[in-house]
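**Student:** Pasting a structure here, questions to come.
The values are calculated or read from the model by the stated rules, or taken from the named source; none is laboratory data. Keep in mind that this is a model prediction, so the values were computed, not measured. Positions of Cβ are backbone-derived with ideal geometry, glycine not excepted, and every protein chain shown enters the neighbour counts.
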2 protein chains.
Amino acid sequence: MVRVHNFMVSSDGYGSGVGQSLEHPFGHANPDDLFAWAEATAHWVNRTEPGGTYGLDDFCTRDFTWNIGAEIMGRNKFGPQRGPWEDLDWEGWWGEDTPFHTPVFVLTHHVRPSLTLGDTTFHFRNASPQDVLAEALEAADGKDVRIGGGVATVREFLDADLIDQMQFTLTPVELGRGERLWNSPEDLVDRFFLEKVPSPSGVMHLFFWRR
Amino acid sequence: MVRVHNFMVSSDGYGSGVGQSLEHPFGHANPDDLFAWAEATAHWVNRTEPGGTYGLDDFCTRDFTWNIGAEIMGRNKFGPQRGPWEDLDWEGWWGEDTPFHTPVFVLTHHVRPSLTLGDTTFHFRNASPQDVLAEALEAADGKDVRIGGGVATVREFLDADLIDQMQFTLTPVELGRGERLWNSPEDLVDRFFLEKVPSPSGVMHLFFWRR
């Protein structure tokens, strides 16, 4: 299975804002607006204190790691740099304590040596979706592969029709511009079943699975 | 954690009907009415064919086994017999291919030797909730313990205040009589947070977690 989980989308279809930088990983989008529902849950991957909710939202954050054996991400999720690497000291946003705990394959036109942080090794690949997926599935050793984003990477795997399941979370905030995932979630119902489930926290979870 | 999952409740609060027998494990309640939502999901524990849904209902069936290391059930879940065992040939409803895959502790006033079917061993205990839970937690080896029901067993563990998390599913069917779980789910909100999430399939999932 190839899966997308906990992918935040604004009410007008954007997964990220414009102007990504070291200080603003999501550009002009406020991460607190996008992630508040997840941060409140018991199984939020970055939770450091005990506590948190165990309702619907927690089912979604719990699923982020469930049976996942590898992640594929785009370079813009790994960092704000563009073009050739000028500084190999950049090792991602996460430090030694990454939320992944599996091999991660970073799609980039500018490859660099693999990098191990804690229990996560990042591999850099200039490859087609099909080829990097084959490698990730092998690394996942029978488990599933998560397509981690950003928007361009999810779109690329959707266009190649390589995704089996997706969970997006619509947050009631308008971004107006940025990286757009869709005009409407209904764009995908020719290929996917879609369930829309409003959460008591105020967000709306969208569950897609292949027809 | 001590958890309850996929516990079906009628709209008037019953978890089972009257007149349990070999042919009617839920008495006059029609199991198809209670379980249809679960049987449709990809991760339903008794699914034998590929396919099934991956929406909200599937999150609930998936959670049935997630991080569970042991189950505690009442004798009436194990079988329709009452009083001393007249027939030790009865080995539960499930055959060799049980849905549990962990040790199971059966509460009964009439103990009998442990029984292994496939990867599941059933232990029979005449013990307090506290004592059988201590044994189940040890057997679970760091994982969680599921309270598997029926109604009387869930009520007993609720009365002893030993449960951390529960997921019930309200089905739109009235039973009128049987084993009653509650007058209203609101009965429990003094001790538990409660989220009610309507599913597109027509049932309503109730998520409880300890305050």
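**Student:** Name the single residue, out of those in the stretch A:158-171 being within 14 Å of another protein chain (Cβ to nearest Cβ) and assigned to a strand (DSSP E or B), that is nearest to B:Glu195 (Cα to Cα). Show your work before the answer.
**Tutor:** At the first step, the residues of the stretch A:158-171 found to be within 14 Å of another protein chain (Cβ to nearest Cβ) are A:163-169.
Filter once more, keeping what is assigned to a strand (DSSP E or B): A:165-169.
Details: A:Gln165: 25, A:Met166: 23, A:Gln167: 20, A:Phe168: 20, A:Thr169: 18 Å.
If we take residues in the stretch A:158-171 being within 14 Å of another protein chain (Cβ to nearest Cβ) and assigned to a strand (DSSP E or B), then A:Thr169 is nearest to B:Glu195 (Cα to Cα).
**Student:** Still on this structure: In this structure, does A:Phe100 turn out to be touching a strand residue (DSSP E or B) at 6+ places or on another chain (Cβ under 8 Å), closer than 20 Å to A:Ala70 by Cα, among the hydrophobic types (A, V, I, L, M, F, W, C) and away from chain B (no Cβ under 14 Å)? Give the steps one after another, and end with the answer.
**Tutor:** Numbers: touching a strand residue (DSSP E or B) at 6+ places or on another chain (Cβ under 8 Å): yes; closer than 20 Å to A:Ala70 by Cα: yes; among the hydrophobic types (A, V, I, L, M, F, W, C): yes; away from chain B (no Cβ under 14 Å): yes.
When the stated conditions are applied, A:Phe100 passes them.
**Student:** Can you name the residue in the stretch B:182-194 that is more than 21 Å from A:Thr53 (Cβ to Cβ) and not hydroxyl-bearing (Ser, Thr, Tyr) and is also farthest from the other protein chains (Cβ to nearest Cβ) among such residues?
**Tutor:** Out of the qualifying residues, it is B:Asn183.
**Student:** How many of the residues in the stretch A:121-161 are more than 24 Å from A:Ala29 (Cα to Cα) and modelled with pLDDT under 95? Break it down into steps so the answer makes sense when it comes.
**Tutor:** Here is the first cut: in the stretch A:121-161, the ones more than 24 Å from A:Ala29 (Cα to Cα) are A:121-145, A:159-161.
Now narrow it down to the ones that are modelled with pLDDT under 95: none.
So the count comes out to 0.
**Student:** Take the stretch B:172-193 and flag every residue that is buried (at least 18 other Cβ atoms within 10 Å of the Cβ) and in a strand (DSSP E or B).
**Tutor:** Correct list: B:Glu179, B:Phe192.
**Student:** Further question on the same structure: If you check B:Asp161, B:Asp131, which single one turns out to be without any contact (Cβ under 8 Å) to a residue 24 or more places away in the chain and among the acidic types (Asp, Glu)? Let's see the steps before the verdict.
**Tutor:** Values: B:Asp161 fails: without any contact (Cβ under 8 Å) to a residue 24 or more places away in the chain.
From the options B:Asp161, B:Asp131, the qualifying one is B:Asp131.
**Student:** Then there's this: Does the stretch A:163-178 hold any residues that are within 25 Å of A:Val145 (Cβ to Cβ) and in contact with an Asp or Glu (Cβ under 9 Å, 6 or more places away or on another chain), and which are they? Spell out the reasoning first.
**Tutor:** So in the stretch A:163-178, the residues within 25 Å of A:Val145 (Cβ to Cβ) come out as A:163-170.
Listed by number, the residues that qualify are A:Asp164, A:Gln165, A:Gln167, A:Thr169.
**Student:** Anything in the stretch A:1-17 that is modelled with pLDDT under 90 and outside any strand (DSSP E or B)? List them, or say none.
**Tutor:** Our first condition is that a residue be modelled with pLDDT under 90; within the stretch A:1-17, this holds for A:16-17.
Once the filter is applied, which keeps residues that are modelled with pLDDT under 90 and outside any strand (DSSP E or B), the stretch A:1-17 yields only A:Gly17.
**Student:** Given (1) touching a residue at least 40 places away in the same chain (Cβ under 8 Å); (2) touching a Leu at 6+ places or on another chain (Cβ under 8 Å); (3) farther than 18 Å from B:Val151 by Cα, identify the lone condition not met by B:Ile72.
**Tutor:** Exception for B:Ile72: condition (3).
**Student:** Any chance the stretch B:131-140 includes a residue that's closer than 23 Å to B:Asn67 by Cα, surrounded by fewer than 21 Cβ atoms within 10 Å (Cβ to Cβ) and touching a helix residue (DSSP H, G or I) at 6+ places or on another chain (Cβ under 7 Å)?
**Tutor:** No, because not a single residue in the stretch B:131-140 is closer than 23 Å to B:Asn67 by Cα, surrounded by fewer than 21 Cβ atoms within 10 Å (Cβ to Cβ) and touching a helix residue (DSSP H, G or I) at 6+ places or on another chain (Cβ under 7 Å).
**Student:** Out of B:Asn67, B:Asn76, I need the residue that is more than 12 Å from every other protein chain (Cβ to nearest Cβ) and modelled with pLDDT under 95. Which one?
**Tutor:** Numbers: B:Asn67 fails: more than 12 Å from every other protein chain (Cβ to nearest Cβ).
Sole residue among the options that is more than 12 Å from every other protein chain (Cβ to nearest Cβ) and modelled with pLDDT under 95: B:Asn76.
**Student:** Here's something else I'd like to know. For the stretch A:14-35, which positions are over 16 Å from the mean Cα position of the chain (by Cα) and among the aliphatic types (A, V, I, L, M)?
**Tutor:** A:Val18, A:Leu22
**Student:** Out of A:Thr61, A:Thr41, report the one residue that is within 11 Å of chain B (Cβ to nearest Cβ) and in contact with a helix residue (DSSP H, G or I) (Cβ under 8 Å, 6 or more places away or on another chain).
**Tutor:** Working: A:Thr61 fails: within 11 Å of chain B (Cβ to nearest Cβ).
After ruling out the rest, the residue left standing is A:Thr41.
**Student:** For the stretch B:136-153, state whether one or more residues are within 25 Å of B:Val9 (Cα to Cα) and among the polar types (S, T, N, Q). Explain how you work it out, then say what you get.
**Tutor:** So the first thing to find is which residues in the stretch B:136-153 are within 25 Å of B:Val9 (Cα to Cα), and the list is B:144-153.
In the following step, the residues that additionally are among the polar types (S, T, N, Q) were identified as B:153.
Yes.
**Student:** Still on this model: Which residues, counting only those in the stretch B:195-211, are within 9 Å of another protein chain (Cβ to nearest Cβ), surrounded by fewer than 19 Cβ atoms within 10 Å (Cβ to Cβ) and either among the aliphatic types (A, V, I, L, M) or part of a strand (DSSP E or B) (or both)?
**Tutor:** B:Lys196, B:Pro198, B:Arg210
**Student:** Against the conditions (1) modelled with pLDDT of 95 or more; (2) more than 15 Å from B:Val203 (Cα to Cα); (3) surrounded by fewer than 22 Cβ atoms within 10 Å (Cβ to Cβ), where does B:Pro50 fall short? Just the number, please.
**Tutor:** The single condition B:Pro50 does not satisfy is (1).
**Student:** Write out, first by first residue and then by second, each pair whose Cβ atoms fall under 7 Å of each other, whose residues are 6+ apart or on separate chains, and whose first residue, in the stretch A:115-128, is at positive phi while the second is of a type in the set (S, T, N, Q).
**Tutor:** If the second residue must be of a type in the set (S, T, N, Q), the pairs left are A:Gly118/A:Thr98.
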